[in-house]
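First comes the structure, then the notes that go with it.
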Amino acid sequence: FAGIYPVLSDDQRYYEARANKSLRGETFLGNPYIAQNADSSVSPQWFSDWLLARGPAIFGGPVQEWAIFYDFLLPTLLAILTGAIAYAIFGSALLSLSSVLFLNGFVFFAEFNRSPSPQVNMLSVLGFISAFFLYVKAVPAAQVPKNLSEVHYAPLSPRPALREKRARFFGTCAAGTAAVFFALSFYMYPYYWTYLSIALGLWVLYSLPMRQ
């Protein structure tokens, strides 16, 4: 083996160079190839490049081998999240599987096989959407009916209150997870956090009259 790793995308070597910058402790997006310009930019290191470097930083090995490993791991996680979102929308396992095959296996096949971008970036976006859907689903379950006779339990049963407590805990965890993914999007390309910010703002405007 001569140390020449396969190239799976046209910009893979560039991302690997930036990951090596992170391993050297250079935390700014200067030129990854010219030493005197390596730390010249005021932009912070992208999260995806930093994450690509965590494997070799913790377990050792070259960045190139970890990039190949991520090309197997990250598309699998993307398929799981895509299927979860599709199931939350359609409520059908068949449509969920069809969505994964169509989107991940056909429409975005080439894009979702590029490590770390957009693989890691889309994981944050899909992770935010998945957690947000779980939060929205948990909100109605956290509301205890004012008239306990409307539920199928006895009037003095603690089950409605227990259900509310569990739903609030589940909703809080989902909201916290969505907030983490949303915050990570600001350490990626601007069009990711811009899309999430607009989508979240539109949802707030849509939901305000319903809450009133």
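The values are calculated or read from the model by the stated rules, or taken from the named source; none is laboratory data. These numbers come from a predicted model, not from an experiment. Keep in mind that these areas ignore ligands, DNA and RNA; they rest on the heavy atoms of the full protein, side chains included. Shrake-Rupley method; radii C 1.70, N 1.55, O 1.52, S 1.80 Å.
Working note: Karplus 6.51/-1.76/1.60 with θ = phi - 60° gives the stretch 9-19 the couplings 8, 5, 10, 4, 5, 5, 5, 5, 5, 5, 5 Hz, where Gly and Pro are set to x. Counting only heavy atoms of the protein chains and using a 1.4 Å probe, PHE69 has close to 100 Å² of accessible surface. Of the whole protein surface, LEU205 contributes about 120 Å² of accessible area at a 1.4 Å probe radius. In a fully extended conformation the segment linking ALA179 and SER197 would gain 5.3 nm over its present Cα-Cα distance, using 0.36 nm per residue.
Surface calculation, 1.4 Å probe, protein heavy atoms: GLU65 sits at approximately 90 Å² accessible. Full extension of the chain segment joining ILE58 with LEU77 gains 4.7 nm, where the gain is 0.36 nm per residue of separation less the Cα-Cα distance.
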